Amino acid sequence: MNMVLKVIPRQPPWEALILPASFPMSDPEVASARRFLSRLTAALAQEWKLKWEVFLQFTELHQRDGTQRLADHGREWIPGVGLGVWPDRPPPTIWTREVMEQLREGESPPTLMYQVFRVTTGLEARDHARDVMLGLGTVIQIMTTDDTDALLGKTRRVLLPPIQDPAFTCFPYYIPMFGAASLQSATAAQMEEWSCGATVYIRESYHDKGIVIGSRQGLGAVLEKLGGKLVREPEPAWQVPV
């Protein structure tokens, strides 16, 4: 069986891919995605000497038994609360009266904030959390040469200053949020700043219906080592056996 990762066109040197998926995933989809991400993580860590952090998106924990899974493994993962920030969007603010008055009947207000939980224990716990939570739309994995303190120091310096609303300036850490549109439209300079030192960014994206992958370096050689093949028709995509 092959995983098909569609190429998201964008400016080099960053590359972007999306693994199409519907959330919550079916059990066979989850099993395949889990094998692929496990193999990809190990290959990238070895090839590029990377470490990784795993975060869980609060907004999607309502899918199936997401909250129960988190509760069942809380002692193993010791999740720490932080805030996800979209660098290509206005900074988060409390809903204003004007925003509420502009809502149409039956329309929900925009998402107030994108809380995330960081798995604060070791790499094995991060892998475990990714595997357990995968398929619900909750997982973010950031791979970097930095240690945790250095990565979160960079994210704080980049993502916190634009936020003016005091309700959102008190989180212990901040991480970037990217979707397919973000990865496609951001310039190379913007990605260099907004990635905050990340080499590879992986996120389950409910709204994109897939797992988005952004990389500062070309992924081709690594995917080929996993048995992958680039197919250019009818649209560019990587086929990787799992």
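The values are calculated or read from the model by the stated rules, or taken from the named source; none is laboratory data. What you see is a predicted model, and the numbers here were worked out from it, not measured in a lab. Quick reminder, even Gly has a Cβ in these numbers, built from the backbone with ideal geometry, and neighbours come from all protein chains shown.
Consider segment 217-228. How many of its residues are within 15 Å of A45 (Cβ to Cβ) and part of a loop (DSSP other than H, G, I, E, B)?
Matching residues across segment 217-228 total 3.
Identify the residue in segment 1-38 that is more than 18 Å from A180 (Cβ to Cβ) and among the basic types (K, R) and, among all such residues, is surrounded by the most Cβ atoms within 10 Å (Cβ to Cβ).
R34
Filter segment 165-184 down to residues that are more than 17 Å from the chain's Cα centre (by Cα) and either part of a helix (DSSP H, G or I) or among the basic types (K, R) (or both), then give me how many there are. Full working, then the answer.
Taking segment 165-184 first, the residues more than 17 Å from the chain's Cα centre (by Cα) are 165-172.
Still in the list and also either part of a helix (DSSP H, G or I) or among the basic types (K, R) (or both): 166-168.
Residues that pass the stated criteria total 3.
Evaluate segment 179-188: report whether one residue or more is within 25 Å of I18 (Cβ to Cβ) and crowded, with 23+ Cβ neighbours inside 10 Å.
Of segment 179-188, the ones within 25 Å of I18 (Cβ to Cβ) are 179-188.
Those left that are additionally crowded, with 23+ Cβ neighbours inside 10 Å: 182-183.
Yes: one or more hits.
If I ask for residues that are hydrophobic (A, V, I, L, M, F, W, C) and either touching a helix residue (DSSP H, G or I) at 6+ places or on another chain (Cβ under 8 Å) or touching a residue at least 24 places away in the same chain (Cβ under 8 Å) (or both), which ones from segment 224-242 would you list? First the steps, then the outcome.
Residues of segment 224-242 that are hydrophobic (A, V, I, L, M, F, W, C), as a first pass: 226, 230-231, 237-238, 240, 242.
Across segment 224-242, the qualifying residues are L226, L230, A237, W238, V240, V242.
Only residues in segment 83-101 that are more than 17 Å from C196 (Cα to Cα) and of a type outside the set (S, T, Y) count as the first member; pair them with residues that are modelled with pLDDT under 90 and in a loop (DSSP other than H, G, I, E, B), Cβ under 7 angstrom, at least 6 apart or cross-chain, and list the lot.
W95/P109; W95/L112; V99/P109; M100/P109
From the list P20, P92, P28, P87, which residue is within 24 Å of A186 (Cβ to Cβ) and over 18 Å from the mean Cα position of the chain (by Cα)? Can you show your working first?
Numbers: P20 fails: over 18 Å from the mean Cα position of the chain (by Cα); P28 fails: within 24 Å of A186 (Cβ to Cβ); P87 fails: over 18 Å from the mean Cα position of the chain (by Cα).
Answer to the selection: P92.
Within the set of pairs 6+ apart or on separate chains, which have a first residue in segment 47-73 that is at positive phi and touching a residue at least 12 places away in the same chain (Cβ under 8 Å), a second that is surrounded by 17 or more Cβ atoms within 10 Å (Cβ to Cβ) and not in a loop (DSSP other than H, G, I, E, B), and C-beta atoms under 7 Å apart?
Qualifying pairs under 7 Å: none.
Given the criteria basic (K, R), at pLDDT 95 or above and crowded, with 22+ Cβ neighbours inside 10 Å, does R130 qualify?
Values: basic (K, R): yes; at pLDDT 95 or above: yes; crowded, with 22+ Cβ neighbours inside 10 Å: yes.
Answer is yes for this residue.
Of the conditions (1) under 17 Å from the mean Cα position of the chain (by Cα); (2) surrounded by 15 or more Cβ atoms within 10 Å (Cβ to Cβ), V81 clears all except one; give me its number.
That leaves (2) as the condition not met.
State all residues of segment 193-242 that are modelled with pLDDT of 95 or more and of a type in the set (D, E); if no residue qualifies, say none.
Correct list: E193, E204, D208, E224.
Taking segment 132-164 only, how many residues are part of a loop (DSSP other than H, G, I, E, B) and either closer than 20 Å to W86 by Cβ or of a type outside the set (V, I, T) (or both)?
Just the residues of segment 132-164 that are part of a loop (DSSP other than H, G, I, E, B), to begin with: 134-138, 145-147, 160-164.
Pick out the ones that are also either closer than 20 Å to W86 by Cβ or of a type outside the set (V, I, T) (or both) and you get 134-138, 146-147, 160-164.
Residues in segment 132-164 being part of a loop (DSSP other than H, G, I, E, B) and either closer than 20 Å to W86 by Cβ or of a type outside the set (V, I, T) (or both): 12 in total.
Pull up segment 62-78, narrow it to residues that are among the acidic types (D, E) and in a helix (DSSP H, G or I), then point me to the one that is surrounded by the fewest Cβ atoms within 10 Å (Cβ to Cβ).
The initial filter retains those residues of segment 62-78 that are among the acidic types (D, E), namely 65, 72, 76.
Then keep just the ones that are in a helix (DSSP H, G or I); that gives 72, 76.
Details: D72: 12, E76: 14.
Residue satisfying both the conditions and the ranking: D72.
With T59, T41 as the choices, which residue is modelled with pLDDT of 95 or more and either part of a helix (DSSP H, G or I) or surrounded by fewer than 20 Cβ atoms within 10 Å (Cβ to Cβ) (or both)?
On the way: T59 fails: modelled with pLDDT of 95 or more.
Just a single option satisfies the conditions, and that option is T41.
May I ask you to verify whether V200 is outside any loop (DSSP other than H, G, I, E, B) and within 12 Å of the chain's Cα centre (by Cα)?
On the way: outside any loop (DSSP other than H, G, I, E, B): yes; within 12 Å of the chain's Cα centre (by Cα): yes.
It is true that V200 is outside any loop (DSSP other than H, G, I, E, B) and within 12 Å of the chain's Cα centre (by Cα).
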